[in-house]
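Values quoted throughout were computed directly from the atomic coordinates according to the rules given, and no laboratory measurement underlies them. All values derive from a computational prediction rather than experimental measurement. Every residue, glycine as well, gets a Cβ built from its backbone with ideal geometry; the counts of neighbours run over all protein chains shown.
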Amino acid sequence: EDQVTQSPEALRLQEGESSSLNCSYTVSGLRGLFWYRQDPGKGPEFLFTLYSAGEEKEKERLKATLTKKESFLHITAPKPEDSATYLCAVGHGGSQGNLIFGKGTKLSVKP
Amino acid sequence: DTGVSQNPRHKITKRGQNVTFRCDPISEHNRLYWYRQTLGQGPEFLTYFQNEAQLEKSRLLSDRFSAERPKGSFSTLEIQRTEQGDSAMYLCASSGTEYNEQFFGPGTRLTVL
């Protein structure tokens with residue numbers, strides 16, 4: 001069965017304390033791995049798309065990497081405004097474009 | 001703002017009533033998706049349109065749910081005879097091509113009393 005698992009469920013960091021979020025996946029034919037940020041009460045905001053193992057994308061303090069079984073979202077020197085839930089999703093060969101999401105990692109960055 | 005828009009943002013209804021939500025995608029996007037999200041969970045796929053054709057529906061989508069996208073522009077999602085279990089955030093997303101990044105709207109929060 002296609003599935004996406006994110007860990008940890010919640011992560012508390014001090015401002016400036018770097019860390020990584022994990023997304024492991026099992027899908028029949030990966031058609032892209034997507035990272036989103038979601039603030040409370042709002043829709044997910046697109047961050048990155050990764051398509052093949054070894055690919056990396058960066059945006060400000062965030063860097064996403066992809067292997068054949070998992071993806072990492074690295075957060076370098078986070079700030080309080082980085083606090084949000086980070087969602088991982090995969091496109092899979094069994095669909096025509098819908099995404100399978102993980103439950104997300106809730107990140108809190110304290111000043 | 002040329003992003004995805006959804007209306008209403010909030011809807012409170014009584015059990016048994018019908019509700020309808022609207023989604024306006026990014027204008028040049030021909031693919032439109034509906035998802036449902038409950039507290040502490042990631043979005044779950046409901047249905048997908050390419051232009052005006054509804055090409056895929058989730059097994060989650062019971063007979064009480066119906067979606068349309070007339071003329072391949074905006075889309076509506078109707079829930080008939082609402083139940084308390086329908087309470088959730090209903091999200092709409094659009095994309096330009098298959099498996100391209102999907103851009104989400106702000107969602108419609110449904111509360112069924």
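A few remarks follow.
- Under 5 Å between amide hydrogens, built in the peptide plane, is the criterion, and for residue A:83 it picks out A:109 among residues at least 5 positions away or on other chains.
- Rounded to whole Hz, the Karplus (6.51, -1.76, 1.60) HN-Hα couplings of region A:68-75, x for glycine and proline: 6, 10, 7, 10, 10, 10, 8, 10
- Calculated on the alpha-carbon coordinates, the convex hull of region A:60-111 measures out at 97 cubic angstrom per residue.
- Considering only B:41, B:17, B:54, the mean-square fluctuation computed in a Gaussian network model of chain B, springs between alpha carbons under 10 angstrom, is largest for B:41.
- Hull volume in cubic angstrom per residue (convex hull over the Cα atoms of region A:15-97): 90 Å³
- Long-range HN-HN contacts of residue B:44 with modeled amide H, under 5 Å: B:36, B:37
- Å³ per residue enclosed by the Cα convex hull of chain B: 98 Å³
- Label-to-label distance for residue A:67 and residue B:71 is 5.2 nm, based on points extended 7 Å past Cα in the beta-carbon direction.
- Its Kirkwood hydrodynamic radius, worked out from the mean inverse distance over all distinct Cα pairs, puts the protein assembly as shown at 18.0 Å.
- As a rough footprinting exposure proxy, the listed residues A:34, B:65, B:21 were ranked by other beta carbons within 10 Å of their own, and the order from fewest upward is B:65, B:21, A:34.
- Karplus-based coupling profile of region A:48-60, in residue order and whole Hz: 9, 10, 10, 10, 9, 4, x, 6, 9, 9, 10, 8, 6, with θ = phi - 60° in 6.51 cos²θ - 1.76 cosθ + 1.60 and x standing for Gly or Pro.
- In range of the label at residue B:51: residues from region B:57-74 whose backbone nitrogen is under 20 Å from the point 7 Å along Cα→Cβ: B:57, B:67-74
- Applying the criteria of a DSSP loop state and at most 12 other Cβ atoms within 10 Å to the trypsin sites (Lys or Arg not before Pro) of region A:3-75 yields A:68, A:69.
- For residue A:48, residues with placed amide H under 5 Å, excluding near neighbours: A:35
- Average silhouette area of region A:1-54, convex hull of alpha-carbon atoms, in square nanometres: 5.3 nm²
- Loop-exposed GluC sites (Glu not before Pro) per DSSP, neighbour cap 12 Cβ within 10 angstrom, longest uninterrupted part of chain B: B:29-82
- Positive-pole candidate from B:84, B:104, B:74, dipole of region B:61-106, charges at beta carbon: B:74
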